[in-house]
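One structure is given here, and the rest of the page talks about it.
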Amino acid sequence: MRTPLIAGNWKMNNTRAQARELVQALIPLVTGLQGVEICVCPPFTALDATLQAIGDSGIRLGAQNTFWEEKGAWTSQISPDMLVEAGCAYVIIGHSETRGRFGTVDGTLAARLGYFGETDATINAKAKLALAKGLIPIICCGETIDERRAGRTDEVVRGQIRACLEGLAPEQIAGLVIAYEPVWAIGTGEVCEAGEADRVCGLIRQTVREMAGDAAADAVRVLYGGSVNDRNAAELLAKPEIDGALVGGASLKADSFSVICKAAAQG
Ligand code: PGA
């Protein structure tokens, strides 16, 4: 039985003071929920303030990115050891906004986005080091609108999963989290229809089964992300292949985020 995970990706939102306020508002709303794991992923600068506010509430802390080298001359990067020391249990890796926003680059932004764009190979390297350091990666995948319209969704998602998990042991894959986030659904209000989200999450699990066997496939948690909110969460989370949600905008308000957590809880 997989415990659902509801992870809030705050993106570049919340100062330390705002982070404290949000967590303090959230705690009473989610205290006592059973059978759901809740995680918040603040910006790096608010990790410690968030951890303090979390206290002994049971909410887990996650980061929004990490790096594939342990230390050294990598200006601006944050290592897994630093995240572990900061109290993180989870780390998001390969979000479409770090892969290169919306997966495409227009002419004027192309040169700049090239520096930020990460690939399946960098995601794979980050996941390996994160796992070695005891973090649980939340590995993001998902197709762009052009890929979906071209009927390439399954091929794209399966390819991302194969490349991002390459070289990981089945026991490592069993413990990590994969988030299916169709790029066209992120921050747009255009949620993926629940049946289709379930189908692609099932395809991801099938790909894991082929790579790492039944035990890993049955254990790995596959989340859906992209415009999840307090109104559509229950339908998505009721689907058998969807083990939780990666929530952006709706995680910035304690009341909407808590409704999503309740929709995943057992009682
Ligand atoms: P959204 O973002 O919920 O605001 O669409 C989800 C995400 O980017 O993880």
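The values are calculated or read from the model by the stated rules, or taken from the named source; none is laboratory data. Quick caveat: nothing in here was measured; it's all calculated off a predicted structure. A quick note on method: Cβ atoms are made from the backbone with ideal geometry, for glycine too, and the neighbour counts reach across all protein chains shown.
For region 140-182, which positions are charged (D, E, K, R) and more than 19 Å from residue 209 (Cβ to Cβ)? Lay out the reasoning, then the answer.
As a first pass, look at region 140-182 and keep what is charged (D, E, K, R): 143, 146-149, 152, 154-155, 158, 162, 166, 171, 181.
Across region 140-182, the qualifying residues are 143, 146, 147, 148, 149, 152, 181.
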Exercise for the section: Could you give me the residue pairs with C-beta distances under 6 Å whose first residue belongs to region 221-236 and is in contact (Cβ under 8 Å) with a residue 60 or more places away in the chain, whose second residue is near the ligand (Cβ under 7 Å from one of its atoms) and outside any strand (DSSP E or B) wherever it lies, and which are 6+ apart or on separate chains? Expected result: 225/181; 226/181; 226/185; 226/186
Exercise for the section: Would you check which residues across region 1-29 are part of a loop (DSSP other than H, G, I, E, B), away from the ligand (no atom under 13 Å from the Cβ) and polar (S, T, N, Q) and list them? Expected result: 3, 14, 15
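Within region 41-139, considering only helices (runs of 4 or more DSSP H) that don't extend past its boundaries, which have at least 1 residues that are modelled with pLDDT under 95 and more than 16 Å from the ligand (Cβ to nearest atom)? First the steps, then the outcome.
Details: elements: 47-54, 80-85, 96-100, 107-116, 120-132.
Where helices (runs of 4 or more DSSP H) fall fully within region 41-139 and carry at least 1 residues being modelled with pLDDT under 95 and more than 16 Å from the ligand (Cβ to nearest atom), they are 107-116, 120-132.
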